[in-house]
Amino acid sequence: MITLLVILYVLVCLFLVMVVLLQQGKGADLSGAFGGGGTQTAFGPRSGTTLMHKLTTGSFILFIVLSMALAIFQGRRQRSVMEGIKTHKAKPVAAKPAPKAPAKPVPVKQAPVQKAAQPAPATQGGAPSQPSK
């Protein structure tokens with residue numbers, strides 16, 4: 001159904017383009033190019049409805065009706081593009097066990113503690129002592 005509507009829609013579009021391009025404009029004569037006109041009306045002289053005008057109006061109405069019909073049918077359509085594709089279930093992957101903690105704690109060897117050097121005794125005069133020669 002939708003395929004038929006789309007084909008008809010494309011044909012109406014092409015026909016509408018052809019009919020519009022084949023029509024002669026209101027100011028198509030030479031006097032229209034220089035701003036002249038047959039009357040002083042705002043939109044040019046009123047002419048009778050021609051066959052081309054009727055074809056344009058009819059194809060425009062058909063164009064609008066088909067556009068709305070396609071929009072409605074596409075909106076109601078609830079199929080998925082993945083509908084016909086078979087899916088394969090993935091096999092569950094076994095989780096790797098966590099590494100076991102060692103049973104005995106490993107003793108940590110500590111570095112020997114060194115005593116800090118003691119500062120030299122200060123002299124009473126406040127000046128550093130001079131080694132004797």
Final fewest-first order of Thr56, Thr87 on the 10 Å Cβ neighbour count is Thr87, Thr56
Of 63-70, 91-98, 18-25, ordering from highest average Cβ density within 10 Å down gives 63-70, 18-25, 91-98
Rounded to the nearest Å, the spacing of the alpha-carbon centers of segment 1-22 and segment 55-83 is 12 Å
Once both label points are put 7 Å beyond Cα along the C-beta direction, the Phe63-Ala111 separation in nm becomes 8.9 nm
Expected unfolding gain across Ile2-Val81 under the 0.36 nm per residue rule, minus the alpha-carbon gap, is 26.8 nm
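Each reported figure results from applying straightforward, stated rules to the coordinates on display, with no laboratory input. On a predicted model such as this, the values are computed, not experimentally measured, just so you know. Note that we place each Cβ from the backbone using ideal geometry, even for glycine, and neighbour counts take in every protein chain shown.
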